[in-house]
Structure formats: structure tokens, C-alpha cells
1. Pairs only if they're at least six apart or on different chains, beta carbon under 7 angstrom, first in region 83-109 and within 15 Å of Val143 (Cα to Cα), second among the β-branched types (Val, Ile, Thr) and surrounded by fewer than 17 Cβ atoms within 10 Å (Cβ to Cβ); list them, first residue then second.
2. Quick check: is even one residue across region 71-79 surrounded by 15 or more Cβ atoms within 10 Å (Cβ to Cβ), more than 26 Å from Leu176 (Cβ to Cβ) and among the aromatic types (Phe, Trp, Tyr)?
3. Could you say whether any residue in region 120-129 is closer than 22 Å to Ala68 by Cβ, touching a strand residue (DSSP E or B) at 6+ places or on another chain (Cβ under 8 Å) and acidic (Asp, Glu)?
4. Which numbered condition trips up Ile66, out of (1) closer than 16 Å to Pro46 by Cβ; (2) outside any strand (DSSP E or B); (3) in contact with a helix residue (DSSP H, G or I) (Cβ under 9 Å, 6 or more places away or on another chain)?
5. Go through region 224-238 residue by residue and tally those that are surrounded by fewer than 21 Cβ atoms within 10 Å (Cβ to Cβ) and outside any loop (DSSP other than H, G, I, E, B).
6. Which residue out of Thr104, Thr150 is of a type in the set (S, T, N, Q), exposed (fewer than 12 other Cβ atoms within 10 Å of the Cβ) and assigned by TED's automatic domain parsing to the domain that holds Ile63?
Amino acid sequence: MGLFSTGGGELNGVDGAFSDYEWTGEFYIKDGNGQVRQRDPKKRAPLYFNLHVVKDGSSGPVIRSIYAGAIDEWNISDDGKTLEPTLGPDQMLWGGTEFATLITSAVEKGIISASELPDPETHPGVPINFEFLMGRRARFGYVPILDRNTGEVKTHVAKKGKNKGKTFKDTTPVVLAALGGESVARSSVAAGSKPNGKAVPAWVEVDDEAVAQLASRTLVKLVARAKDQKLKFNEVTLEATKALKGNDLKAEVVEYLSEVENIQAIEGVIINLGSKSRDITLVDSFLD
């Protein structure tokens, strides 16, 4: 992957959506009354990706600071969403960090494709931005944090509470599975705030007509193959994600099919908005 150089918590088993993030040098922690506060970590100017996840059925986000490297190697945009390199146009994010682990898991589980990632190797000097992740649903979990130099599992000793003095493994969030369905987080990110108004890197030109045509073909095939030629609306994005694995337009097609209005516009497709599951079927002529 050309983005990275080689070198049991609140999200454990949780289904939810990427809702927001910011690049920062400040580490987020939760204090006793549940409010999020900031503190400066006592180490060399680290760079953190502060991940926001809205769990299914919850209105507020879980925030987790994820180590991503050294902050003095990057300029951060005013809105905290974009990194610009300071060491050269082909500068990469550090490999072997918790952030690298998260993004690698997201690619491996199909929630994003490698083609969506900013790639300094093929597009030197491109800003590093991950707004295309917003609104995408996943099942989250944790894996142990490995030391970048030794490969050994990092640990810490509890300094207070009932477990004071005990040693625990350090862990970091990962994507365990990509999930379909509607997301409460999707509406919180305006299309215009994404690069080019689309869920793709700024240097990629996407043919909207090609997305619509591929979405149409994909949905018709999915419904035709479904049990009783019927597909529930909340199954569409997951099935499309699996069907389009490896396709460069997968993310755009999945996002397109997450909107009822787009499905209604597809020829031969019927969506029953009067049913609880909003079943999707095909007109008879499309079942041959």
C-alpha cells in the first residue's frame, strides 16, 4: 500500500459508523463525568488521528485517539481534516502505527478500497484526507499494539482503581467487518466537504453516469439472485460491497445505493416504501 512506509474497550464488538475525525497533537481522554477533555501527552510531538464512531442506537460519538506518527512532519488544515507533507512531495505516513493498523483493516475487510487511499508514491504532494470514510458502517474490535521497532506487544501497568499494579496489553481499534444499511453519521458530513464532493481522493475524476449505470446493473443482479427475488433495503449496501470487491467504483456505487431516491430511479426496480423492511423487487420483464 503506497500510503504507509514499511517499518476491551468502548468499541469492542461494536457496530457503528465512522462519523468524524481530526488530526491533532492532543490526546483525548474521558474524565469522570463522561465529558471529553484534552491533554498534552508527555512525549515527542506525536500525531493523532482522533476517531469518532457513532454506535448503532446511540446519538453521541465514542472518541479514540489513534497514534499516527510525528506531528512536526505535517501541516494540519484549519478544520483538522487534511495533512500536507513538510518533508517532500512523496512523504508517507508511518507504517507500523495504530493508524496504519486501522486503515489496513478497513481495506482488508472491504469497507474501503486501496484505490481510495491517498497515495504519495503515484501522486506526490497530494494532501492526506480521509473524509471518504465518514458515514461508512463497520463492526469494530481491538487488537494488541505492537512496538514498531521490536514487534513485541506493548503493555501498561494500571496506576489506579481496582486493577492498580496489574499489567495489561495495549490495544487499538480495527475494523472486523464491513456493514451495510443506513448510517446516522452519513447525514452529518455534507457532500461538499468531501474532496470533489465525492467519497474519493481529490485527484480522481469520477464519471457520475458510470457510477449510476454500474449501480443499476449491480442492484438488478443482486435482487435477481436473492431468495424469492426480493432484497431488503438495509441489505443492499452490504451485498453491493461484497459483489463489487476490487472494483474501483465500489465506494461510489455503495454510497449511491444507500439513497432510496437513487434506487427508485433504477429501471425495472421496485422498492416498497410501505413495507417495514422496504423490500426491493424487479418487474417481471427483468426476471428472465
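1. What qualifies is Thr101/Val143.
2. Taking every residue of region 71-79 in turn, at least one turns out to be surrounded by 15 or more Cβ atoms within 10 Å (Cβ to Cβ), more than 26 Å from Leu176 (Cβ to Cβ) and among the aromatic types (Phe, Trp, Tyr).
3. Here is the first cut: in region 120-129, the ones closer than 22 Å to Ala68 by Cβ are 120-129.
Within this subset, residues satisfying the condition of being touching a strand residue (DSSP E or B) at 6+ places or on another chain (Cβ under 8 Å) are 120, 125, 127-129.
Subsequent filtering for residues that are acidic (Asp, Glu) retains none.
No, every residue in region 120-129 fails to be closer than 22 Å to Ala68 by Cβ, touching a strand residue (DSSP E or B) at 6+ places or on another chain (Cβ under 8 Å) and acidic (Asp, Glu).
4. That leaves (2) as the condition not met.
5. Residues meeting the conditions: 9.
6. Matching residue, one of Thr104, Thr150: Thr150.
Residue-by-condition table, conditions (1) within 21 Å of Pro118 (Cα to Cα); (2) modelled with pLDDT of 85 or more; (3) out of contact with any Ser or Thr (no Cβ under 9 Å at 6 or more places or on another chain); (4) not in a loop (DSSP other than H, G, I, E, B):
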site: Asn163; (1), (2), (3), (4): no, no, yes, no
site: Glu182; (1), (2), (3), (4): no, no, no, no
site: Val200; (1), (2), (3), (4): yes, no, no, no
site: Leu219; (1), (2), (3), (4): no, yes, yes, yes
site: Leu222; (1), (2), (3), (4): no, yes, yes, yes
site: Ala240; (1), (2), (3), (4): no, yes, no, yes
site: Gly246; (1), (2), (3), (4): yes, no, no, no
site: Ala251; (1), (2), (3), (4): yes, no, no, yes
site: Glu261; (1), (2), (3), (4): no, yes, yes, yes
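The values are calculated or read from the model by the stated rules, or taken from the named source; none is laboratory data. Here the structure is a predicted model, which means the values were calculated and not measured. So basically every Cβ, Gly included, is an ideal-geometry build from the backbone, and we count neighbours across all protein chains shown.
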